[in-house]
Amino acid sequence: MAEDKDITCCVKACDQPLDKTYWNTQWENEQIGWDIGYAAPAIVAYMQQYPNKEARILIAGCGNAYEAEALCDMGFKHITLVDIAPKAVLLLQEKFADKPEINVVLGDFFEHEGQYDLMIEQTFFCAIPPGKRTDYAQQARKLLSDKGKIIGLLFDRRFEQQGPPFGGCPCEYKPVFNPYFEIKTMDLCTNSIKPREHQEVFIILNKKDNE
Ligand SMILES: C[S@@+](CC[C@H](N)C(=O)[O-])C[C@H]1O[C@@H](n2cnc3c(N)ncnc32)[C@H](O)[C@@H]1O
């Protein structure tokens, strides 16, 4: 059960680039300690009240993408999954072979092209080096439609070891997103899974109109 696992310290210190090779090796070696085994309840709860089932949804750095299964069950029809690791993508293509609602893409989020109404964040932001956080915000903004938003979870804690995962706090995240997104919510998550209780914030970031 996820409750028994140390899901925060997923991969240990590394001095190598966090590129396709790095991530694929994690997948090949089944070093996926971040994987909670099901969709995060906070994301499920948010999406259960999200009215537009036609929304184009992006989950980047999706891993096993349990959220995508939950979204299908809720009736969402346009879900795109992006992961840089070929092994992860192979698993997803097998798992979702009978789900036309789900489009699985092998690729780098930072080079991905498309147009989405909603981006779901779940332990992808913490997987990228902190120096790329502004790139993440800019790329998310580029990929989102005018009223688009990012929703999901960000860690609100530090990690002893060098990441990934890379921790942080709202006071660091806000200046990153502020130029591009209106920060509607970045508050303590009240329905985190037990091992992440009091260690993550739920975010709702609305793309700004004018920038
Ligand atoms: C910490 S895991 C999280 C996976 C999943 N979101 C979850 O919560 O179980 C990070 C994932 O992002 C993928 N990834 C890392 N860098 C990426 C990039 N630049 N573009 C797309 N995917 C990336 C990795 O292969 C890995 O599956």
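Computed extension gain for Glu94 through Asn206, at 0.36 nm per residue and net of the alpha carbon distance, reaches 37.0 nm.
Helix-only mean residue ellipticity at 222 nm, the chain, DSSP H runs n ≥ 4 weighted -39,500 (n - 2.57), per residue, nearest 500. What is it?
When only DSSP H runs of four or more count, the value is -7500 deg cm²/dmol.
Between Ile183 and Glu54, full extension at 0.36 nm per residue minus the direct alpha carbon distance yields a gain of 44.0 nm. Take Met74 and Glu30, extend 7 Å from each Cα along the Cα→Cβ direction, and tell me the distance between the two endpoints in nm. Those two pseudo-labels are separated by 3.1 nm. With a Cα cut-off of under 18 Å and a minimum spacing of 8 residues unless on different chains, the lysine pairs in segment 18-126 number 6. For segment 93-110, the Karplus equation 6.51 cos²θ - 1.76 cosθ + 1.60, evaluated at θ = phi - 60°, returns couplings of 4, 5, 4, 10, 4, 9, 10, x, 5, 10, 10, 9, 10, 8, x, 8, 3, 6 Hz by residue, with Gly and Pro reported as x.
With only Cα atoms counted, the chain has Rg and Dmax values of 15.9, 46 Å. Label-to-label distance, Phe110 versus Thr134, with points set 7 angstrom from Cα along the beta-carbon direction: 1.3 nm. Report, in whole Å, the centroid distance computed from the Cα atoms of segment 84-118 and segment 126-153. Segment 84-118 and segment 126-153 have Cα centres separated by 17 Å.
Any read-out appearing in this document is the output of simple, stated calculations on the displayed coordinates, not a laboratory observation. Not measured: the values here are computed from a predicted model. Every residue, glycine as well, gets a Cβ built from its backbone with ideal geometry; the counts of neighbours run over all protein chains shown.
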